[in-house]
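Here's the structure, in structure tokens; my notes come after.
Where a number appears in this text, it was derived from the coordinates with a stated rule and is not lab data. Since the structure is predicted, the reported quantities are computational estimates derived from the model, not experimental observations. Cβ placement follows ideal geometry from the backbone for every residue including glycine, while neighbour counts extend to all protein chains displayed.
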Amino acid sequence: MITCSVCAVTSDPSVRVGPLAICPNCGSSIVIEQDGTVRRAIATDTELLSMQDLARLTAARAAIARPTRRR
């Protein structure tokens, strides 16, 4: 369980790739630091991710932002 630094809702992330996660409530990209603190992700946090990992994060965010959109 994490508390989103953007919307302050406590829940399990909808998807997690390393330290990056997507908040299931607001769809924000967040970083879970090693000490357990949570902060909003910035562009440099994704630089080392593979295209596949980026696609997983994008798909999870899109499912929250547009839940009725057909895939």
Return the total of residues in segment 15-29 being in contact with an Asp or Glu (Cβ under 8 Å, 6 or more places away or on another chain) and under 11 Å from Ala63 (Cα atoms).
1
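Conditions (1) assigned to a strand (DSSP E or B); (2) surrounded by 13 or more Cβ atoms within 10 Å (Cβ to Cβ), marked per residue:
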{"position": "Ser5", "(1), (2)": "no, yes"}
{"position": "Ala8", "(1), (2)": "no, no"}
{"position": "Ala21", "(1), (2)": "yes, yes"}
{"position": "Asn25", "(1), (2)": "no, yes"}
{"position": "Ile30", "(1), (2)": "yes, yes"}
{"position": "Gln34", "(1), (2)": "no, no"}
{"position": "Asp45", "(1), (2)": "no, yes"}
{"position": "Leu54", "(1), (2)": "no, yes"}
{"position": "Ala60", "(1), (2)": "no, yes"}
The condition from (1) surrounded by 14 or more Cβ atoms within 10 Å (Cβ to Cβ); (2) under 11 Å from the mean Cα position of the chain (by Cα); (3) not β-branched (Val, Ile, Thr) that Asp12 misses is numbered (1)
